[in-house]
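Quick notes on the structure that follows.
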Amino acid sequence: MFYWKDPIEWEKDILEKMVRLYCKAKHQKKTPCHDCLEMIAYAKNRLNSCKYGKVKPTCGNCPIHCYKPIMRDRIKEVMRYAGPRMMIVHPLDAVWHLIKSKTQK
Ligand SMILES: [Zn+2]
């Protein structure tokens, strides 16, 4: 797989974009609300301590579920909402993530 960005940094970037999309729609905030900021910080923290490092699978494919259950539920909801919309708002990120997760199967 060819990367033109650090995969961990990119996942963080994608994640933040998704949470921002979600918060804007669901919580009517221009900037992420406290809960959503907390979620971004938590997820970035998990990515930082991901033991796979640069060969990390996409989070959906990862055999290790490192999120605590409450955060996992919240992130899942964000993904459900923001996933399809990423194609429209940030197509490059969405396509890359899709290719990456398909090639790992
Ligand atoms: Zn929010």
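The values are calculated or read from the model by the stated rules, or taken from the named source; none is laboratory data. Everything quoted here is computed from the prediction, not taken from an experiment. Here Cβ is always computed from backbone atoms with ideal geometry, including for glycine, and neighbour counts include all displayed protein chains. What goes into the accessible areas is simple: the full protein's heavy atoms, side chains included, and nothing from ligands, DNA or RNA. Shrake-Rupley method; radii C 1.70, N 1.55, O 1.52, S 1.80 Å.
When cysteine pairs in the chain are screened for C-beta atoms closer than 4.7 angstrom, the residues that find no partner are CYS33, CYS50, CYS59, CYS62, CYS66.
Placing +1 on each Lys and Arg Cβ and -1 on each Asp and Glu Cβ, with no other charges, gives the chain a dipole about its Cα centre of roughly 160 debye. Take the solvent-accessible surface of the protein heavy atoms, probe 1.4 Å, and return the percent of it on the chain that carbon and sulfur atoms account for. That share works out to 59 percent.
Other residues lying with their Cβ under 9 Å from the Cβ of ILE40 contribute a combined charge of +1, Lys and Arg counting +1, Asp and Glu -1. Rolling a 1.4 Å probe over the protein heavy atoms gives region 32-98 an accessible area of 62 Å² per residue.
Among the helices of the chain, those built from whole DSSP H runs whose Cα atoms reach 27 Å or more along their own axis and whose mean Kyte-Doolittle hydropathy is at least -0.5 are 69-89.
Calculated mean residue ellipticity at 222 nm for the chain: -22000 deg cm²/dmol, from DSSP H runs with n ≥ 4 weighted as -39500 (n - 2.57), summed, divided by the residue count and rounded to 500.
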